[in-house]
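This report refers to the structure that appears directly beneath it.
Each reported figure results from applying straightforward, stated rules to the coordinates on display, with no laboratory input. Predicted model only: the values in this text are computed from it and were never measured. Neighbour counts are summed over all protein chains in view; Cβ atoms, including those assigned to glycine, are modelled from backbone coordinates with ideal geometry.
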């Protein structure tokens, strides 16, 4: 069928089953927007900034498991999208981002709104394309979706010059993709898996180290079943919260810089790490030479480059974590003795009793941790929780009772402030029946605060719970601990009128100064059906604990901070 | 960890950006490139890149894996049993002792390839280490310009 390049873009989006596209028009992408205007097969949501468009597509992808799609124009439209691409890249989120580009004849001439999009995005995309001919366009679009969602997922950029979206060509959308240079391996090597199983059977203190890959691979059920069968305890990374389920007795806790005492001690004392879709991030390992000194390591990862990147691995298994765990379960079923690890489980239980995750509550001032716990009590497993980056993110990860994968959405790898609100919009659009809460701070929320307008326009009732300590809290915490309280540029005492700000943009706002007010405001916010700010005044100087100081050994945690 | 020299061949789709993807990978992840050559493989849509690099074992392993991960990378060969050659062109003033230079070139699989009114150009093709020796020896004849090609390699 003959059609324009712009029509081809829309046809591909429809063929891929995409229901919602997030974007922002501009000169070089106008041909495509003209076609979007003419069709009804998918919805377009106009964010108020290109960065937010990509984060929204990202939140949509993380919460639904589908590929997220964002569309931006050339030059500044694209450069605004780069933070979104890098965020998705670090967390392996499947996105297709379509950017307009100046016409082919102008490329390389410093044309108006020209920037080298493929050059800039190369290190922060899984793959990218500059379309040079209309004949290539259908194949490239097909490949983009395929590459984004297959193997280790990631964002793919398709940069399309304006003359190509305007040109007429033959459109046959390919049925399948044939990329001889790209063949992801899903099935692990059976011999390697067998060796790993033998190691598990021999170990005395094995530990499941559950990472974000288990979410991406939809492997949570299989991992829970494996843990249940073998009775091997598990720690979760920040990206894996919800995989084991908060009430799972085998879940020791979150591991890493702000992980629980028991989880970090488990990692330090285990004799066999079973890494499931995790990548030994520096925020997890702490000082490498002290990390898991007594452990052999089974590393299951779909990306071979992750294996052996940070630590030496004894049992490397390249494959999809869900597929490999299913195979391991089958091999170990008849042979495992769950009692074998009971002493180990008891040790970890004692560690947890010794220093449980907690905080000192107060009657005078709202503790941020209390807010998270209260949210958990009120909303539990139903809500989707997104977050920005900083103290509030860690408290949410520590204290919210996540029950299922894809319930917790945050920028773990890149640590992008301003991610949470647009991601929440994307998550709500993808899950209209779920309550979506963005746990944020008074620093983060102002990055992408313009999305109040988007959420109000489209009636996306996302609730932003601002843990307001009038500080850039995490940086302030480091300044307290490591910079002799020189609070350089972290005091955010000058603040907007949050209630008025939300209302000015078509939303609703609530100031919360007591626990009672919090419950009332949350009820009112949910009932309002509007995008909301819950401005919660919390203890200014509360710290996130435990804390492994950067570069320190995982077992050397600061458990409390006493004023000298 | 001990640093080693490695010669790596990468067979890539012969398409736009592919050289930038490879060189960008080295730059972005802080790997070393000692030399890099690239040319199309006859009668295919592929190109052959030969990269000489050095680093410790973990770095070399990562380089190979990261190269593999590039979507247009078809094959990555970490050479062990290989034939490797590098070519060098050296320009000398015309007053130089031509017979001596000719003899030197012969010892390193080369010869005099061009003679002009005020200069001559000599060539040698040999293993990288021997090319270094050749350049060392050629220095006594006051070369005007030296151009090395970088290594190409083939697994035996």
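Which of the residues that make up the range A:413-430 are surrounded by 24 or more Cβ atoms within 10 Å (Cβ to Cβ) and part of a loop (DSSP other than H, G, I, E, B)? Steps first, answer last, please.
Taking the range A:413-430 and keeping what is surrounded by 24 or more Cβ atoms within 10 Å (Cβ to Cβ), we get A:416, A:418-430.
Within the range A:413-430, A:416, A:418, A:419 meet the criteria.
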Could you say whether any residue in the range B:38-58 is closer than 20 Å to residue A:308 by Cα, facing chain A (nearest Cβ under 9 Å) and out of contact with any strand residue (DSSP E or B) (no Cβ under 9 Å at 6 or more places or on another chain)?
yes
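Of the residues A:512, A:460, only one is crowded, with 17+ Cβ neighbours inside 10 Å and in contact with a strand residue (DSSP E or B) (Cβ under 6 Å, 6 or more places away or on another chain); which?
Working: A:460 fails: in contact with a strand residue (DSSP E or B) (Cβ under 6 Å, 6 or more places away or on another chain).
Exactly one residue qualifies, and that residue is A:512.
Can you spot a residue in the range B:78-94 that is closer than 27 Å to residue B:27 by Cβ, touching a strand residue (DSSP E or B) at 6+ places or on another chain (Cβ under 7 Å) and within 14 Å of chain A (Cβ to nearest Cβ)? Step through it out loud before you land on a result.
Within the range B:78-94, the subset closer than 27 Å to residue B:27 by Cβ is B:78-80, B:82, B:84-88.
Checking the rest, the ones that are also touching a strand residue (DSSP E or B) at 6+ places or on another chain (Cβ under 7 Å) come to B:78-79, B:82, B:84-88.
Those still in the list that are within 14 Å of chain A (Cβ to nearest Cβ) too: B:78.
Among the residues of the range B:78-94, at least one is closer than 27 Å to residue B:27 by Cβ, touching a strand residue (DSSP E or B) at 6+ places or on another chain (Cβ under 7 Å) and within 14 Å of chain A (Cβ to nearest Cβ), which makes the answer yes.
Only one residue in A:41, A:81 is more than 14 Å from every other protein chain (Cβ to nearest Cβ), buried (at least 24 other Cβ atoms within 10 Å of the Cβ) and under 30 Å from residue A:406 (Cα atoms). Which one? Talk me through it step by step, then tell me what you get.
On the way: A:41 fails: buried (at least 24 other Cβ atoms within 10 Å of the Cβ).
Answer to the selection: A:81.
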I need a count of the residues in the range A:173-187 that are touching a helix residue (DSSP H, G or I) at 6+ places or on another chain (Cβ under 9 Å) and surrounded by 12 or more Cβ atoms within 10 Å (Cβ to Cβ).
8
Touching a helix residue (DSSP H, G or I) at 6+ places or on another chain (Cβ under 6 Å) and either away from chain B (no Cβ under 14 Å) or surrounded by fewer than 18 Cβ atoms within 10 Å (Cβ to Cβ) (or both): which single residue out of A:326, A:295, A:246 fits that description?
A:326
Give the residues of the range B:59-76 that are more than 8 Å from chain A (Cβ to nearest Cβ) and part of a strand (DSSP E or B), sorted by residue number.
B:75, B:76
In the range A:449-465, anything assigned to a loop (DSSP other than H, G, I, E, B) and farther than 10 Å from residue A:422 by Cβ is listed as A:449, A:458, A:459, A:460, A:461
Can you pull out every residue in the range A:188-217 that is touching a helix residue (DSSP H, G or I) at 6+ places or on another chain (Cβ under 6 Å) and part of a loop (DSSP other than H, G, I, E, B)?
A:188, A:205, A:211, A:212, A:217
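If you check residue B:24 against the conditions, is it under 30 Å from residue A:307 (Cα atoms) and surrounded by fewer than 14 Cβ atoms within 10 Å (Cβ to Cβ)? Can you show your working first?
Values: under 30 Å from residue A:307 (Cα atoms): yes; surrounded by fewer than 14 Cβ atoms within 10 Å (Cβ to Cβ): no.
Spelling it out, it is not the case that residue B:24 is under 30 Å from residue A:307 (Cα atoms) and surrounded by fewer than 14 Cβ atoms within 10 Å (Cβ to Cβ).
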With criteria (1) touching a helix residue (DSSP H, G or I) at 6+ places or on another chain (Cβ under 8 Å); (2) closer than 19 Å to residue B:155 by Cα; (3) facing chain A (nearest Cβ under 10 Å), residue B:21 comes up short on (2)
Looking at residue A:279 and the list (1) away from chain B (no Cβ under 14 Å); (2) outside any helix (DSSP H, G or I), which single condition is not satisfied?
(1)
